[in-house]
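Take a look at the structure set out below.
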Amino acid sequence: MISIQKNELKSKLNKISGIMTSDFITSTALFEVNNGSSTIVATDLVTALRQKITLSSMESTRFCVNKKIVDIVKEIDDESITLEYHNNNKRLLLQAGKSMFKIPCRPAEDYPQWPAFENEEWVAVNAEDFAENIMKVLSFIARDKYDVKNCVLLEVTADSIKYVGTDGFRLAVIEKKAETGITEAKKYLVPEKSASEITKFLSGKKEVTLGLGNFLLIQADGDEMVVRPLESNNTYPAYEKAITTDFSNHSRMFVKKEPFIKALKMISTLANDKPVVRLTITENNLTVSASSDLGEASDELEVLYDGGEEFEIGFNAKFLLDILRAASSEDPIFYFAGEKSPCYTEGGEGELYIVMPMVITKPKPTNPNE
């Protein structure tokens, strides 16, 4: 008989619910029960998470239980839960108060082995900062296919950690100083799902230790996650070629972040499926406008612009919103070199965002008598 408090079991299951799949053994969670050192494990063969869990039991046992246990525990009202694994018929008996569930299990021997970690170097980082920077660049990766553009690129050197995301139309590069002390630079292509699970795993944690080897190992509070990166023979776009630090030929626009976000959200409601908005910029004024067969809309903001003559350029509103939401600064700086040239945004210390403009088309004129 195994005893556990509902809130702890629910918390641990929530951390692994997104990792488990619908395929055979990876649709289960592995419970390894040893008095004083019990764990719960989940994997999708790319990401694996092992968490400590407080289970009170007089016997050691191992079993794989279907992910339906996540939904069951969510609905239980009682605070105390007992688990009893029956090896003869591979069933888990779960009881809470007067409620009882018999859940089919699979043999623990069928569960994938924990990945073997090799050639590691260890780096301590702030968990909140690490997760936040991954989350920022996640907005910029491709969503429609599984390849390098569907990954977050992590680059770790002796003195910095770089986070990169691109879908080919926009680019986010965040480089933060970090005295890692590693002897050899490391690069990891972290798939979208794995990157999302990292941020979920690190929620509420303070410090994290990164193990840099054949896999990316993340340890925090006695729990650990292993990510199998995309193979290195998959070439990541040469994003460095798109980056410049010389903005002498660019015009600058200084704008307050929150009013700009509000204007973009409001005006893009009248844009088409691809929400193109027009930015018309003068010395002290930014006009955000959109027109489509749904109608026309515009809003004005106070800005500082050093480009002299009036300037007009079009963008996908969502792309601009992603930049503004990711930016740490409340006063991001936009750099323009022309209506067909990339727009650069300094979003805070070590944060650079790049987006390509879009062609602005006007809707067909409508008959005012209709």
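Subtracting the Cα-Cα distance from 0.36 nm times the residue separation, let me have the gained length for E207 to E179 in nm, one decimal.
Between E207 and E179, full extension yields an extra 8.6 nm.
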Original post:
What ratio of Cα Rg to 2.2 N^0.38 Å holds for region 17-65?
Top reply: 1.18
Original post:
Regarding region 218-323, what whole-number volume in Å³ per residue does the convex hull of its Cα atoms give?
Top reply: 202
**OP:** Kindly state, as a whole number, the per residue volume in cubic angstrom of the convex hull around the alpha carbon atoms of region 291-362.
**Re:** 114
**OP:** May I ask for the angle, rounded to the nearest 10°, between helix 127-138 and the longest principal axis of the chain, with both axes built from Cα atoms and the value confined to 0 to 90°?
**Re:** 50
Subject >> More than 19 Å apart - percent of Cα-Cα pairs taken over region 83-220 >> reply: 61
Original post:
Can you give the angle from 0 to 90° between the axis of helix 317-326 and the longest principal axis of the chain, with both taken from C-alpha atoms, to the nearest 10?
Top reply: 60
Subject >> Relative contact order computed over the chain (Cα-Cα under 8 Å; 6+ residues apart), in percent >> reply: 12
Subject >> Total formal charge among the other residues, if their Cβ is under 14 angstrom from that of N66, Lys/Arg +1 and Asp/Glu -1 >> reply: +3
**OP:** Report the calculated FRET efficiency for K98 and K241 (r = Cβ-Cβ distance, R0 = 41 Å), to the nearest 0.05.
**Re:** 0.05
Subject >> Accessible area per residue, Å², region 275-366 with all protein chains present, probe 1.4 Å >> reply: 50
Original post:
In a shell of Cβ-Cβ distance under 9 Å around L154, excluding L154 itself, what net charge do Lys and Arg (+1) and Asp and Glu (-1) give?
Top reply: +2
Subject >> Pairwise label distance in nanometres, L304 with A158, each label 7 Å out on the Cα-Cβ vector >> reply: 3.9
Original post:
What FRET efficiency, computed as 1/(1 + (r/R0)^6) with R0 = 22 Å and r the Cβ-Cβ distance, is obtained for F24 and A116, rounded to the nearest 0.05?
Top reply: 0.50
Original post:
Which percent of Cα-Cα pairs in region 1-157 sits in each 5 Å bin, short to long?
Top reply: 2, 8, 14, 18, 18, 13, 10, 8, 6, 2, 0, 0
Original post:
Is it possible to state the helix-based mean residue ellipticity at 222 nm for the chain, with each DSSP H run of 4+ residues giving -39500 (n - 2.57), the sum divided by total residues, to the nearest 500 deg cm²/dmol? What is it?
Top reply: -5000 deg cm²/dmol
Subject >> FRET efficiency estimate (nearest 0.05) - Cβ-Cβ, K256 to K10, R0 41 angstrom >> reply: 0.50
**OP:** State, in angstrom, two size descriptors of the chain derived from its alpha carbons: Rg to one decimal place and Dmax to the nearest whole number.
**Re:** 25.5, 83
Original post:
How high is the relative contact order of region 1-122, in percent, counting Cα pairs under 8 Å that sit 6 or more residues apart?
Top reply: 26
**OP:** First obtain the Kirkwood hydrodynamic radius of region 96-138 from its Cα pairs, then insert it into the Stokes-Einstein equation at 10 °C and 1.306 mPa s, and state the resulting D in µm² per second as a whole number.
**Re:** 100
Original post:
Using the alpha carbon gyration tensor of region 134-288, what are the three equivalent-ellipsoid semi-axes (square root of 5 times each eigenvalue), largest first, in whole Å?
Top reply: 34, 19, 17
Subject >> Environment charge of K256, counting only residues whose C-beta is closer than 12 Å and scoring Lys/Arg +1, Asp/Glu -1 >> reply: -2
**OP:** Please identify which residues in region 330-360 have an amide N closer than 19 Å to a label point set 7 Å out from the Cα of L294, following the Cα→Cβ vector.
**Re:** 358-360
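The values are calculated or read from the model by the stated rules, or taken from the named source; none is laboratory data. Owing to the predicted nature of the structure, the values given are computational and were not obtained by experimental measurement. As a convention, Cβ positions derive from the backbone with ideal geometry for all residues, glycine included, and neighbour counts pool all protein chains shown. Just the protein is used for accessible areas: all its heavy atoms, side chains included, with ligands, DNA and RNA removed. Shrake-Rupley method; radii C 1.70, N 1.55, O 1.52, S 1.80 Å.
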